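Participant: Dumping the structure here so I can ask a few things about it.
Please treat every number below as a calculation from the coordinates, not as lab data. Predicted model, so just to flag it, every value in this text is computed and none were measured. Every residue, glycine as well, gets a Cβ built from its backbone with ideal geometry; the counts of neighbours run over all protein chains shown.
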Amino acid sequence: KALKAPWFTSWQMDKYIGSIIKTIGHITDVDIDTKLICEKYDIPTEFSDEAIKEADNLPTKVLDSDIKDRTDLRNLDIVTIDCDDTKDRDDAIYVEKLPNGNYKLIVSIASVNYYVKKDSALYNEAIYRCTSHYPNNKCIPMFPHKLSNGICSLNEKEDRYDENIIEFV
C-alpha cells in the first residue's frame with residue numbers, strides 16, 4: 001500500500017524511499033518541540049515583510065493627537081489582571097466603591113484597532129493568524145512585537161489608547 005506523505009517517492013524491496021522536503025531544526029534544538037507544533041498546525045512564526053514595515057512605521061508612544069476627544073483614565077489606579085509571567089499585558093481593571101455602597105468596575109482591554117487598519121498588511125496577517133498561540137509556554141503573537149508588547153500592551157506607567165472600555169456600576 002502506498003504511503004501518502006509528501007516526502008514519499010517510491011517503494012522498493014520492503015523499503016520506503018523518500019526525500020527531505022523541509023528541515024525544521026535539529027533534534028537537540030532547545031525549542032524543537034515548539035517548532036514541530038507550529039509546523040504541524042501551520043502556525044506562522046514569522047511576519048510578512050509588509051506587516052513588519054507597517055509596524056515599524058507606528059509610533060512607540062501615544063501621541064497628544066490620539067488623546068483629544070477621548071475619555072482620559074490616566075488619573076485612575078488601573079491594574080493589570082494579567083499575571084507576572086504573562087506573555088502579553090492587555091487586560092486591566094479599575095474598581096471604586098461608590099458613596100451609595102455600590103461598586104464601579106471598569107474593564108480595560110488594550111486596543112489594536114486604532115493602529116491596525118482594515119485591509120492593511122497587519123490586518124490581513126491578524127486575520128490569517130486568528131489569535132496568538134502559546135505552545136510550550138512560549139508566545140507566538142498575532143501582531144509583531146512592536147504592537148503586542150509595545151504600543152498595544154498595557155505596560156506600567158505607559159499611556160495607552162483604549163477604546164474597549166467597559167464600565168459596570
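Participant: Please work out how much length the chain gains when fully extended from Tyr41 to Cys130, using 0.36 nm per residue of separation minus the C-alpha to C-alpha distance, in nm with one decimal. Spell out each step's value before the answer.
Facilitator: Details: separation 89, 0.36 × 89 = 32.04 nm, distance 1.30 nm.
Separation in residues times 0.36 nm, less the Cα-Cα distance, equals 30.7 nm.
Participant: OK, next. Counting Lys +1, Arg +1, Asp -1, Glu -1, what net charge surrounds Ser120 among other residues with beta carbon under 12 Å of its beta carbon? If you can, show how the numbers build up before the last one.
Facilitator: Working: positive: Lys53, Lys117, Lys118; negative: Glu50, Glu54, Asp119, Glu125.
Local net charge: -1.
Participant: Still on this structure, I have one more. Rule-of-thumb check for segment 67-127: C-alpha Rg over 2.2 N^0.38 Å? Walk me through the numbers on the way to the answer.
Facilitator: Working: Rg = 15.7 Å, N = 61, 2.2 N^0.38 = 10.5 Å.
Compared with the compact-globule rule of thumb, segment 67-127 sits at 1.50.
Participant: Pick from Lys68, Lys15, Lys146 the residue whose mean-square fluctuation is largest in a GNM of the chain, springs joining Cα atoms under 10 Å.
Facilitator: Sorting by GNM fluctuation, first place goes to Lys15.
Participant: Where Lys and Arg each count +1 and Asp and Glu each count -1, what net charge lies around Gly25 among other residues with Cβ under 12 Å from its Cβ? Working shown, then result.
Facilitator: Numbers: positive: Lys22, Lys35; negative: Asp29, Asp31, Asp33, Glu39.
With Lys, Arg at +1 and Asp, Glu at -1, the neighbours total -2.
Participant: So what are the ³J(HN,Hα) numbers for segment 16-31, from phi and the Karplus equation (6.51, -1.76, 1.60; θ = phi - 60°), rounded to whole Hz, Gly and Pro as x?
Facilitator: Running phi through 6.51 cos²θ - 1.76 cosθ + 1.60 with θ = phi - 60° gives 8, 10, x, 9, 6, 9, 6, 9, 8, x, 8, 4, 8, 4, 4, 10 Hz.
Participant: Follow-up question, since we're still on this one. Find, to one decimal place in angstroms, the Kirkwood hydrodynamic radius of segment 29-76, where the mean of 1/r is taken over every pair of different Cα atoms and then inverted. Provide the component values of the computation, followed by the final result.
Facilitator: Values: mean 1/r = 0.0676 Å⁻¹.
That comes to 14.8 Å for segment 29-76.
Participant: P(r) for segment 25-169: what percent of alpha-carbon pairs falls in each 5 Å bin, starting at zero?
Facilitator: Final binned percentages: 2, 9, 16, 18, 17, 15, 10, 6, 4, 2, 1, 0, 0.
Participant: Right, here's the next one. Could you derive backbone 3J(HN,Hα) for segment 51-63 from the dihedral phi with the Karplus parameters 6.51, -1.76 and 1.60 (θ = phi - 60°), listing whole Hz in sequence and x where the residue is Gly or Pro?
Facilitator: Rounded to whole hertz, the list is 5, 4, 4, 4, 4, 5, 8, 7, x, 9, 10, 5, 7.
Participant: Would you calculate, for the chain, the mean residue ellipticity at 222 nm contributed by helices, counting each DSSP H stretch of 4 or more residues as -39,500 (n - 2.57) and dividing by all residues, to the nearest 500?
Facilitator: Numbers: 4 runs with 30 residues, N = 169.
The helix contribution divided over the chain gives -4500 deg cm²/dmol.
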